[in-house]
1. Would you confirm whether or not region 45-54 contains a residue that is over 22 Å from Ile96 (Cα atoms) and modelled with pLDDT under 85?
2. Which residues, counting only those in region 27-38, are surrounded by 13 or more Cβ atoms within 10 Å (Cβ to Cβ), closer than 16 Å to Ile88 by Cα and among the hydrophobic types (A, V, I, L, M, F, W, C)?
3. So Asp127 ticks every box in (1) among the charged types (D, E, K, R); (2) loosely packed, with under 10 Cβ neighbours inside 10 Å; (3) under 40 Å from the mean Cα position of the chain (by Cα); (4) part of a helix (DSSP H, G or I) but one. Which box is left unticked?
4. Output the residues belonging to region 1-44 that are polar (S, T, N, Q) and within 16 Å of Ile96 (Cβ to Cβ).
5. Can Gly24 be described as surrounded by 10 or more Cβ atoms within 10 Å (Cβ to Cβ), assigned to a helix (DSSP H, G or I) and of a type in the set (Gly, Ala, Ser)?
6. Being within 15 Å of Gly85 (Cβ to Cβ) and either surrounded by fewer than 15 Cβ atoms within 10 Å (Cβ to Cβ) or of a type in the set (Gly, Ala, Ser) (or both) is the filter here, so list the residues in region 60-74 that pass it.
7. Take the residues in region 110-121 that are at pLDDT below 85 and under 26 Å from the mean Cα position of the chain (by Cα); name whichever of them is nearest to Ile39 (Cα to Cα).
8. Restricting to region 96-114, count the residues that are surrounded by 12 or more Cβ atoms within 10 Å (Cβ to Cβ) and of a type outside the set (S, T, N, Q).
Amino acid sequence: MLKEFREFALKGNLVDIAVGLILGAAFGAVVASLVDNVIMPPIGMLLGGVDFSNLYLTLSEGTTAGPYASIDAAREAGAVVIGWGAFINVALSFLITAFAVFMLVKGMNKARRQQPEEAVEEAPTPDQALLMEIRDLLKNRPGA
């Protein structure tokens with residue numbers, strides 16, 4: 001049973017999937033950092049110093065009445081909030097990731113199409129082989 005498990009775990013496809021998952025998680029972290037630390041701050045600055053990760057809507061006050069300094073302060077006070085600014089950050093991260101994956105797949109498909117396909121000659125069927133044999137005999141016949 002241990003031998004079977006080792007063969008399963010070390011199959012090429014499984015290792016490829018594991019590598020893909022690890023790289024995907026790392027790529028997700030890079031995209032999240034790109035959105036949170038590079039893209040959103042200038043957008044927030046253009047909109048008057050808004051920090052999108054801290055934009056929220058209070059549905060219900062907590063134990064202490066608002067307004068709250070941040071979404072974390074509202075949650076600590078027990079308020080029910082919708083963090084729509086954080087949602088915008090996550091949605092933007094998703095769009096960037098989806099676009100990057102789209103470009104990767106598009107490039108892979110283009111590379112696949114550019115590779116010349118090897119011409120695979122099919123073996124003749126028995127009928128075709130017999131007809132070719134007859135043709136050759138007729139060609140080589142004296143007086144033809």
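1. yes
2. Val31, Ala32, Leu34, Val35, listed by residue number.
3. Tallying (1) among the charged types (D, E, K, R); (2) loosely packed, with under 10 Cβ neighbours inside 10 Å; (3) under 40 Å from the mean Cα position of the chain (by Cα); (4) part of a helix (DSSP H, G or I), Asp127 fails exactly one: (3).
4. Result: Ser33, Asn37.
5. Taking the combined requirement at face value, the residue satisfies it.
6. Passing the criteria: Ala69, Ser70, Asp72, Ala73, Ala74.
7. My answer is Ala111.
8. Selection size over region 96-114: 3.
The values are calculated or read from the model by the stated rules, or taken from the named source; none is laboratory data. In this text the structure is predicted, and so the values were computed from the model without any measurement. Methodologically, a virtual Cβ is constructed for each residue, glycine included, from the backbone with ideal geometry; neighbour enumeration extends over all protein chains shown.
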